[in-house]
Amino acid sequence: MKLILIILQILIEFHFFQCNPLYQKSFLNHRLYSIDIGNNLTIVELLNSLRDKMDIDFWQEPTINAERVSFRVAPDYHSNLESVLKQNFLPFKILIEDIQQLIDREKEENNQIMRNSYASGRQTLDDFRLDYYHTYNEIMMFIENLERKHPAIAKVITIGETYEFHPIKGIKLGIKTNETKPCIWIDAGIHAREWIAPATAVYVIYKLAVKQEVDPEIKQLLTAFDWYIFPLLNPDGYMYAWWTNRLWRKNRSTPKAVPIRYPWKLFDECIGVDLNRNFDISFGGSSTSGNPCSEIFRGDYAFSEKETKAVRDMIMSLGSQLSVFITLHSYSQMWMYPYGYKIEKARDGELLHNITKKVISAVNKKHGERYRYGPIATTIYPTSGSSPDWVYEKAKVKYSFIVELRDRGNNGFILPRNFILPTAEETWEGIKVLMKEIQL
């Protein structure tokens, strides 16, 4: 009994240490490795077998359809990992020698130090910097200020709350007409560490709300459609990534039971659910895990999380008005459509393919960046329980897309600030073409 109490005390002290706002997890000398898979099942099985043995954080999942895989490894495992890879005659690349250096650079160039959190470019609407990564509070203040300044076209909406009771807010944008209009849904930030996604969503909101005053094309988009944009679907995870663990992916819900296999990780990796594995479509299938300590833990059952329930309920409330669904992620530079949970052509596959081809062309023209496109399962990797598949199959939304934003691996999730605006600008060009091509 005494031993149990000692262990419990240690766990509680560790928990409060991590909750300290001054504590930030260090990734000093953590490396990002890359291996070409080349549709080799043996390599896939080997990498998956190393996942728990070496505490590997896969930034791109090892699956048979993936061309290559990237993964973060702590310094304690560098030599063991490289020994195993060499024994199996697997060539590898080290993309990033020290991930902490990228995180430190991001803090400095993004004016992210806590004492500067109220610096210019972050608070007021007039000087809000679109080339910064912003905190949850700053993004919420941004959309609330837009509503106050443009009440005729903007309305902030709350669709639910998170596990830690933070409101999940978005903004509805549209010019009122006497007709029922089709709706466009854009969300971002369901994975906490993918910061370029919320930054891009904020840019789209800005273009629609502010630039409609001087751009007839944008005004027409607001007249023809009602836009529902949710820049942060996972506020708890995003705030944790901002202040404590920059590479956090999941939400922050606690497991139903202490993971016996990894009790020392209870307040670290074993917290949270991968929200984009929690939708009720082939739940528990490919690229998911039943282990709460996994980055792709699917949850105990479909829609177990408050965040995914909120998305489900809002989407179902829009009904047949919802015409286009876009969820923004990073990274890999891809525009994709269903299916992800099965390698089977969607009923609208040819139409979606032809439209996405035109979208990709517009994206490329803006800054010359190449994006791949196609069905999720064969373009990136098979995945189950994801929002675009659920929206397409269960909510019956024909135009359902997932966009993996920049880059293609040199920086991964820690995309430098100078890439924010180019990424957002090319994505906006793709969205405009998509709106022209859809058939309602």
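The values are calculated or read from the model by the stated rules, or taken from the named source; none is laboratory data. All values reported here derive from a predicted model rather than from experimental measurement. Here the Cβ is made from the backbone with ideal geometry for all residues, glycine too, and neighbour counts use every protein chain on show.
Listed values, structure above:
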| read-out | value |
| --- | --- |
| Total residues in the stretch 33-51, condition touching a Lys or Arg at 6+ places or on another chain (Cβ under 9 Å) and surrounded by 14 or more Cβ atoms within 10 Å (Cβ to Cβ) | 5 |
| Residue in the stretch 305-315 that is without any contact (Cβ under 8 Å) to a residue 60 or more places away in the chain, part of a loop (DSSP other than H, G, I, E, B) and under 27 Å from residue 55 (Cβ atoms) present | no |
| Some residue of the stretch 417-424 being within 27 Å of residue 282 (Cβ to Cβ) and of a type in the set (Val, Ile, Thr) | no |
| Single residue of 296, 260, 229 found to be surrounded by fewer than 24 Cβ atoms within 10 Å (Cβ to Cβ), over 24 Å from residue 105 (Cα atoms), of a type outside the set (Lys, Arg) and modelled with pLDDT of 95 or more | 229 |
| Condition met for residue 394 (touching a residue at least 60 places away in the same chain (Cβ under 8 Å) and surrounded by fewer than 24 Cβ atoms within 10 Å (Cβ to Cβ)) | yes |
| Any hit, the stretch 18-38, residues being in a helix (DSSP H, G or I), at pLDDT below 70 and within 23 Å of residue 241 (Cβ to Cβ) | yes |
| Members of the stretch 49-95 found to be farther than 27 Å from residue 288 by Cβ and under 26 Å from the mean Cα position of the chain (by Cα), listed by number | 93, 94 |
| Contacts under 7 angstrom Cβ, first residue in the stretch 166-190 being in contact (Cβ under 8 Å) with a residue 24 or more places away in the chain and closer than 22 Å to residue 399 by Cα, partner in a loop (DSSP other than H, G, I, E, B) and of a type in the set (Phe, Trp, Tyr), 6 or more apart | 174/225; 181/225; 182/225; 183/225; 184/225 |
| Verdict on residue 402 being buried (at least 22 other Cβ atoms within 10 Å of the Cβ) and over 20 Å from residue 134 (Cβ atoms) | yes |
| Tally of residues being in contact (Cβ under 8 Å) with a residue 12 or more places away in the chain, more than 18 Å from residue 29 (Cβ to Cβ) and assigned to a helix (DSSP H, G or I) across the stretch 53-84 | 1 |
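Let's see how each residue does on (1) touching a strand residue (DSSP E or B) at 6+ places or on another chain (Cβ under 7 Å); (2) among the polar types (S, T, N, Q); (3) not assigned by TED's automatic domain parsing to the domain that holds residue 194:
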site	(1), (2), (3)
383	no, yes, no
396	no, no, no
403	yes, no, no
410	yes, yes, no
414	no, no, no
421	no, no, no
433	no, no, no
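So that you can scan it fast, the table gives a plain yes or no per residue for (1) closer than 19 Å to residue 407 by Cα; (2) in contact with a Gly (Cβ under 7 Å, 6 or more places away or on another chain):
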| site | (1), (2) |
| --- | --- |
| 279 | no, yes |
| 283 | no, yes |
| 288 | no, yes |
| 320 | no, no |
| 325 | no, no |
| 341 | no, yes |
| 354 | no, no |
| 363 | yes, yes |
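Rundown of residues vs (1) of a type in the set (Ser, Thr, Tyr); (2) surrounded by 22 or more Cβ atoms within 10 Å (Cβ to Cβ); (3) within 14 Å of the chain's Cα centre (by Cα); (4) not in a helix (DSSP H, G or I), yes/no style:
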| site | (1), (2), (3), (4) |
| --- | --- |
| 165 | no, no, no, yes |
| 177 | yes, no, no, yes |
| 190 | no, yes, yes, yes |
| 194 | no, yes, yes, yes |
| 200 | yes, yes, yes, no |
| 207 | no, no, no, no |
| 245 | no, no, no, yes |
| 249 | no, yes, yes, yes |
